[in-house]
Amino acid sequence: ADSAQEAFNDASEKESKVQEGIRDIERKLNMDFGPDETFAQLVDNCFDFKDTEYTYSICLFGDANQSSHSSTHLGKFSGWEGDNYDVQMYTGGAKCWNGPERSVKLVMSCGTKTEIISVTEPEKCEYLFRLQTPAVCPVPEGEGEGDVEEQDQKQNAQGGQQEQQLEGEERSRKHDEL
């Protein structure tokens, strides 16, 4: 009877983990990763920032935390602020003593690598994380995905025209030699 109970407990635990994985996948499928899914590559990437007293960590589209001797939950990704896809909100963090639930406003700016460059607390229990990332850098003119294909087609067409021009020059040289 004990081995049957152990087998049942193992199976229940495995089922629970699979169900949790399915919920996580469904959550990610329903997320707004910005235009052309620009931010999908950053999902679940985590970054730390240490100041003199605390270590702040954030997993993009996940959770934000503050730790020193113990960990404090600052919030969970709740959405984008505005239409520019450069400010994320993390809400529902641990309640402050005599204050609101903690929250994080993550402001992104263009940078060569993805990293937190500062963390401040402009209002009680409302944190401002500044993150640099190439994901918000403007794409230079003519370097969009569709444009690359068009450029390749133009180059191929130009190459074909150059080949025809060379063939024509060779024919006229041969004609001149005759």
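The values are calculated or read from the model by the stated rules, or taken from the named source; none is laboratory data. Here the structure is a predicted model, which is why all the values come from computation and not from measurement. Using ideal geometry, Cβ is built from the backbone for each residue, glycine included, and neighbour counts are taken over all protein chains shown. Accessible surface is based on the protein model in full, side chains and every heavy atom, while ligands, DNA and RNA are left aside. Shrake-Rupley method; radii C 1.70, N 1.55, O 1.52, S 1.80 Å.
Of everything in the stretch 43-66, what is of a type in the set (A, V, I, L, M, F, W, C) and touching a residue at least 60 places away in the same chain (Cβ under 8 Å)? Give them in sequence order.
Matches in the stretch 43-66: 47, 49, 58, 64.
If the Cβ limit is 8 Å and pairs must be 6+ apart or interchain, which residue in the stretch 133-147 that is modelled with pLDDT of 65 or more pairs with which residue that is part of a helix (DSSP H, G or I)?
From the stretch 133-147, the pairs are 133/42; 135/41; 135/42.
Just the residues that are open to solvent by 40 Å² or more (accessible area, probe 1.4 Å) and at pLDDT below 95, please, taken from the stretch 77-92.
Filtering the stretch 77-92 down to residues open to solvent by 40 Å² or more (accessible area, probe 1.4 Å) leaves 78, 80-86, 89, 91-92.
Once the filter is applied, which keeps residues that are open to solvent by 40 Å² or more (accessible area, probe 1.4 Å) and at pLDDT below 95, the stretch 77-92 yields 78, 80, 81, 82, 83, 84, 85, 86.
I need the full set of residues from the stretch 48-62 which are part of a strand (DSSP E or B) and either modelled with pLDDT of 95 or more or open to solvent by 60 Å² or more (accessible area, probe 1.4 Å) (or both), in order please.
Scanning the stretch 48-62 gives 48, 49, 50, 55, 56, 57, 58.
Would you mind telling me which numbered condition in (1) under 15 Å from the mean Cα position of the chain (by Cα); (2) modelled with pLDDT of 95 or more residue 102 fails?
(1)
As an exercise: evaluate residue 69 against (1) free of Cβ contacts under 8 Å to residues at least 40 places away in the same chain; (2) not in a loop (DSSP other than H, G, I, E, B) and give the number of the one condition it does not meet.
All conditions are met except number (2).
Which condition number does residue 135 fail, the rest of (1) in contact with a helix residue (DSSP H, G or I) (Cβ under 7 Å, 6 or more places away or on another chain); (2) under 18 Å from residue 53 (Cα atoms) being met?
Status for residue 135: all satisfied but (2).
Could you give me the residue pairs with C-beta distances under 9 Å whose first residue belongs to the stretch 92-120 and is of a type in the set (Val, Ile, Thr), whose second residue is assigned to a strand (DSSP E or B) and open to solvent by 70 Å² or more (accessible area, probe 1.4 Å) wherever it lies, and which are 6+ apart or on separate chains?
That search, which allows pairs on different chains as well, returns 104/126; 107/130; 116/48; 116/130; 117/130; 119/130; 120/130.
Taking only the stretch 106-119 into account, find how many residues are open to solvent by less than 70 Å² (accessible area, probe 1.4 Å), at pLDDT 95 or above and β-branched (Val, Ile, Thr).
3
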